[in-house]
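Here is the structure we will look at, set down as structure tokens.
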Amino acid sequence: MCEHNQMAVMTSTEARKNFGQFLDMGSRKAVVIKRQNREIGAFIPMEDYKKLRALRLKELNDAAEKLSEQAKANGLTEDILAEILNEVNPS
């Protein structure tokens, strides 16, 4: 196992053999898992995951808002959108 600043690196074999240590370490800082000298994944503290998820949702909402503004600027109305959606997926 190797540690770099706030991130630890473990091989998949080390993580499997020392699963309790892996979980304990991963609850405090990111743990990168390597297999055959390739990074294959990371285990991160739940607080970090929640921050990352919130950031991704904000990015998605910002992109949706920007697209909505562009659509309105190009003349797309709720009625036109409903008509398009009905053509694509008639119910």
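The values are calculated or read from the model by the stated rules, or taken from the named source; none is laboratory data. Since this is a predicted model, take the numbers as computed values, not measurements. Don't worry about glycine lacking a Cβ; one is built from the backbone with ideal geometry, like all the others, and counts go over all protein chains shown. Heads up: the accessible areas ignore ligands, DNA and RNA and are worked out on the full protein's heavy atoms, side chains in. Shrake-Rupley method; radii C 1.70, N 1.55, O 1.52, S 1.80 Å.
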- Message: Can you give me the accessible area per residue for the chain, using a 1.4 Å probe, in Å²?
- Response: 83 Å²
- Taking springs between alpha-carbon atoms closer than 10 angstrom, which of Glu69, Glu78, Glu59 fluctuates most in the Gaussian network model of the chain? Glu78
- Item | Total formal charge among the other residues, if their Cβ is under 12 angstrom from that of Leu81, Lys/Arg +1 and Asp/Glu -1 | -3
- Size of electric dipole in the chain: Cβ of Lys, Arg +1 and of Asp, Glu -1, about Cα centre, debye, nearest 20: 820 debye
- Query: Which whole-number percent of Cα pairs in the chain have a distance greater than 16 Å?
  - Reply: 68 percent
- Message: Give me the percent of accessible area attributable to carbon and sulfur for the chain, probe 1.4 angstrom.
- Response: 53 percent
- Message: For a quick check: with amide H placed at 1.01 Å from N, whose amide H comes under 5 Å from Ala42's, ignoring anything fewer than 5 positions away on the same chain?
- Response: Ile33
